[in-house]
Amino acid sequence: MSIEKSEIVRLLADEENQQKLFAWADSVRKENVGDEVQLRGLIEFSSICRNNCLYCGLRAGNTKAHRYRMSEEEIIETARRASELGFRTIVMQSGEDPYFNAGRMCRIIREIKKFDVAITLSIGERAFDEYKAFREAGADRYLMRIETTDRDLYHRLDPGMSWENRYNCLMAIRELGYELGSGIMVGLPGQTLESIADDLLFLKEIGVDMAGIGPFIPNPDTPLADEKGGSLDLSLRTMALMRILLPDINIPATTAMETLHPDGRMLALKAGANVVMPNVTEGEYRRLYELYPGKICVNDSPAHCRSCIGLRIKMIGRSIGTGYGGHKKS
Ligand code: SAH
Ligand code: SF4
């Protein structure tokens, strides 16, 4: 449905009545995408990044970050195990690491597709021909947050990057027939409620198939170490409004929400979300891929996370999706 920008801003600000907003989003979720929660297995396959986003622990300028790159075999094996745990979507995420060029990525995508899974890529900005090659190799979806639609804020936070280029990448991704995922961070320094309302209207206008909304969490090893960061409540209100604006899309209960609150993802599932992306990366890599501090489940195994999240989803009266869980337009 459509809501005026001024009304969105009012609802974003209305902490007192947020439970009503969450209940509204929850009923829209139930009516449009049902009670199934779609699980995605997240592989964080390289912590190397050429960019310098001020908020992110993987930024090139962070000399304290521990860098790793999984081998092709490790990535494929991790995906195979995730498929055996029942995941029907694999999300491959990394910093912008040029080592994983089109040839390497396409080889990996082709191998992982043999496990009967949908593949989501979340590897940042690439050339049109690369996006095309990944798609032809079998990638189904692409996830790249616009982060904010405030161009000035974006250019302050992402030195050397261009908002227009990121936007053009999203358009290319859509043109190539991927399911398009995007989203924003909530609580960026200098971000206003008006700006968040613009973000929501932007995501509606470009017609995303998936929207990931999470709080910004200051990382002590970045230039934004002393910033305040986003709150769980405002992130949940933003997410709930996304559900109301785009009733049938996929909306994850983000990991960053659970970092701020031990039950953050379940609260999100009760306020409009219908997707959870448990980490299926193994061993040390889980800890070393550190976008922000306090990352959850760093010492757990993929099998543990899978059963833990499964139980918690059942405890709130929901079921686990058994299909690929793509965007079903209503
Ligand atoms: N390099 C790719 C994917 C990895 S980053 C890309 O940038 O698209 C994935 C997401 O992590 C980013 O889009 C950003 O929204 C989020 N992120 C980065 N640093 C964060 C922080 N400090 N707090 C919360 N989320 C953060
Ligand atoms: Fe790199 Fe993505 Fe982090 Fe930016 S947000 S520094 S592109 S990993």
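In whole Å, what is the distance between the alpha-carbon centres of segment 227-256 and segment 93-152?
So the two Cα centres are separated by 24 Å.
How would Ile43, Ile3 rank on accessible area, largest to smallest, probe 1.4 Å?
Ranked from most to least accessible, the order is Ile3, Ile43.
Run down the lysines and flag those whose C-alpha is under 28 Å from the C-alpha of Lys30, throwing out any fewer than 8 positions away in its chain.
Lys5, Lys20, Lys204, Lys270, Lys314, Lys328, Lys329
Considering only protein heavy atoms, with the full assembly of protein chains and a 1.4 angstrom probe, order Phe202, Phe45, Phe115 by accessible area, largest first.
Ranking Phe202, Phe45, Phe115 by accessible area, largest first, yields Phe115, Phe202, Phe45.
log10 I(q)/I(0), Debye, Cα-only segment 124-242, no solvent, q = 0.11, 0.16, 0.20 Å⁻¹?
Taken in order of the listed q values, log10 I(q)/I(0) reads -0.38, -0.78, -1.11.
Taking the alpha-carbon centroid of each part, what is the distance from segment 298-330 to segment 178-205 in angstrom?
26
Carbon and sulfur: what percent of segment 5-320's accessible surface (1.4 Å probe)?
Ligands and nucleic acids excluded, carbon and sulfur reach 50 percent.
Compare Leu180, Leu193 by solvent-accessible area with a 1.4 Å probe and give them largest first, with all protein chains kept in place.
If we order Leu180, Leu193 from most to least accessible, we get Leu193, Leu180.
Can you divide the C-alpha Rg of segment 48-192 by 2.2 N^0.38 Å and report the result to two decimal places?
1.08
Over all directions, what mean area does the Cα convex hull of the chain project, stated in square nanometres?
The orientation-averaged projected area of the Cα hull of the chain comes to 14.7 nm².
Hey, what did the chain get for relative contact order, percent, Cα under 8 Å, at least 6 apart?
26
For segment 5-320, give me the percentage of DSSP beta bridges that are antiparallel, rounded to the nearest 5 percent.
5
Mind checking the log10 I(q)/I(0) for segment 175-330 at q = 0.10, 0.11, 0.19 Å⁻¹? Debye, one equal scatterer per Cα, no solvent, two decimals.
Here log10 of I(q) over I(0) equals -0.38, -0.46, -1.31.
What trypsin sites (Lys or Arg not before Pro) does segment 60-159 have in DSSP loop regions with at most 15 other beta carbons within 10 Å?
Those that pass, being in a loop and sparsely packed, are Lys64, Arg67, Lys114.
Rolling a 1.4 angstrom probe over the protein heavy atoms, how many square angstrom per residue are accessible across the chain?
For the chain, the per-residue accessible area is 41 Å².
Can you pull the accessible area of Asp199 for me, 1.4 Å probe, Å² to the nearest 10?
Asp199 exposes around 0 Å² with every protein chain in place.
Looking at the chain, which Cys residues are left with no other cysteine's beta carbon under 4.7 Å from theirs?
When partners are defined as cysteine Cβ atoms under 4.7 Å apart, the chain leaves Cys49, Cys106, Cys169, Cys297, Cys305, Cys308 without one.
Send over the per residue convex hull volume for segment 268-330, Cα only, as a whole number of Å³.
Value for segment 268-330: 132 Å³ per residue.
The values are calculated or read from the model by the stated rules, or taken from the named source; none is laboratory data. Predicted, not measured: the structure shown is a model, and the values here were computed from it. Quick reminder, even Gly has a Cβ in these numbers, built from the backbone with ideal geometry, and neighbours come from all protein chains shown. The area values use the complete protein model at the heavy-atom level, side chains included, leaving out ligands, DNA and RNA. Shrake-Rupley method; radii C 1.70, N 1.55, O 1.52, S 1.80 Å.
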